[in-house]
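Since every read-out is calculated from the coordinates, none of them should be taken as a lab result. Treat the numbers as computed from the prediction; the structure is a model and nothing was measured. Every residue, glycine among them, receives a Cβ derived from its backbone with ideal geometry; neighbour counts consider all protein chains shown.
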Amino acid sequence: PALRKRRDFAKELLTKITTAGERIETLSSAKAQHEEMRKSLAERKAALNTKIEKSASMDAPIHDVKTRMDVRKEDLDRQSDSINKFASTLRTRLQVGDICPVCRQQVSSALPHEEVLAALIGELRKAYEESEKEYKDLVDTKIRLDAEIKTESESYNRDLKAFNEDRSVNSAEQKASDACKACGIDKLDGNILSALASIEESASKTFKDLDSEIK
């Protein structure tokens, strides 16, 4: 019975060593996952900051394009109004067959229609439409970018809160420490695996010797 008691103690120690090894492995995995999450959060934060800076840098170009678009619209409206008023005045005063008071020539054909007059301000209209499209494209891009920033910020803050509140590493470390103490090792450090291997080798030899002696 005394030999069996010693043998059972050695067998129990081997079981505890196995448990300690598993918990150390779990701790290592928890630390790796924790570090991976930390790096991922850092990368996401950097990418988010880049987008925020890009969004902020678009304010000045948008303002410049908006100013240019407004100026071109003003020029277009002014020229268009002037031409329309001029054409309207001529139509009321001059008909085919009348004598032009300016050049003293007889009006031989009808005055230009609206589409002909519109061609006179074609370049102004084209310039305005180009600046209008540029402005809308910039605004749409900023709106999409700001929407991405909002969504990603909410996701990042949620994951950062979970990361800061995560206690998986602490829990795994405490369990590994308790398992090692059960094996007679008080300090959980970089030499823990070699220390456990040494104890396991000794306990395994003791178990085999006692088992053989009992038999």
| Additional length obtainable on full extension of the chain from residue 197 to residue 181, 0.36 nm per residue less Cα span | 4.3 nm
| query | Applying 1/(1 + (r/R0)^6) with R0 = 41 Å to the Cβ-Cβ distance of residue 130 and residue 154, what FRET efficiency is obtained, to the nearest 0.05? | reply | 0.65
| task | Among the lysines, select those whose C-alpha is under 26 Å from the C-alpha of residue 187, and discard any that sit fewer than 8 residues away in the same chain. | result | 11, 16, 31, 175, 205
| request: Give the residue from 162, 212, 179 lying farthest towards the positive end of the charge dipole for the stretch 147-215; charges sit on Cβ (+1 for Lys and Arg, -1 for Asp and Glu) and the dipole is referred to the Cα centre. | output: 212
| Per-residue HN-Hα couplings for the stretch 155-171 [Karplus 6.51, -1.76, 1.60; θ = phi - 60°; Hz; x = Gly/Pro] | 5, 5, 5, 5, 6, 5, 4, 5, 5, 5, 8, 5, 10, 5, 5, 4, 5
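Quick one: Cα convex hull volume of the stretch 5-58, Å³ per residue? Working shown, then result.
Values: hull volume 1.7 nm³, N = 54.
Value for the stretch 5-58: 32 Å³ per residue.
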| request: Please work out how much length the chain gains when fully extended from residue 62 to residue 5, using 0.36 nm per residue of separation minus the C-alpha to C-alpha distance, in nm with one decimal. | output: 12.1 nm
